[in-house]
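**Q** One structure is given below, represented as structure tokens, and several questions about it will come after.
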Amino acid sequence: ERGGAMGAGAAAAPAAAAQTEFTVKLESYDPAQKIKVIKEVRAITQLGLKEAKDLVEGAPAVIKKNLKKEDAEAIKEKISKVGGVVVLE
């Protein structure tokens, strides 16, 4: 039994290291760039203006979930360019 428990723990570690789905989260933004950040969030999420504004003003907030790493990185780069601080989870 003991060996089985260790084996399960070892199997879980590589799975965690090879994350396949990412969540893009807006942590904060430069207040001077708020409008640009809202526009970018709208373009990415296809939310309405009010919804995008509420999401940005409510930071930290999740922008998108269950993305491939390449897609998540692309969104992070776009929002970072306009003054947003984004993390991938």
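The values are calculated or read from the model by the stated rules, or taken from the named source; none is laboratory data. Here the structure is a predicted model, which is why all the values come from computation and not from measurement. Here Cβ is always computed from backbone atoms with ideal geometry, including for glycine, and neighbour counts include all displayed protein chains. Please note that ligands, DNA and RNA were not included when accessible areas were found on the heavy atoms of the full protein model with its side chains. Shrake-Rupley method; radii C 1.70, N 1.55, O 1.52, S 1.80 Å.
**Q** Take residue 25 and decide whether it is in a helix (DSSP H, G or I) and either among the small types (Gly, Ala, Ser) or open to solvent by 30 Å² or more (accessible area, probe 1.4 Å) (or both). So that I can check it myself, show each step before the final result.
**A** Values: in a helix (DSSP H, G or I): no; either among the small types (Gly, Ala, Ser) or open to solvent by 30 Å² or more (accessible area, probe 1.4 Å) (or both): yes.
So residue 25 fails the test.
**Q** Right, here's the next one. Could you grab me the full set of residues in the range 42-81 that are open to solvent by less than 30 Å² (accessible area, probe 1.4 Å), outside any strand (DSSP E or B) and in contact (Cβ under 8 Å) with a residue 40 or more places away in the chain?
**A** Across the range 42-81, the qualifying residues are 72, 75, 79.
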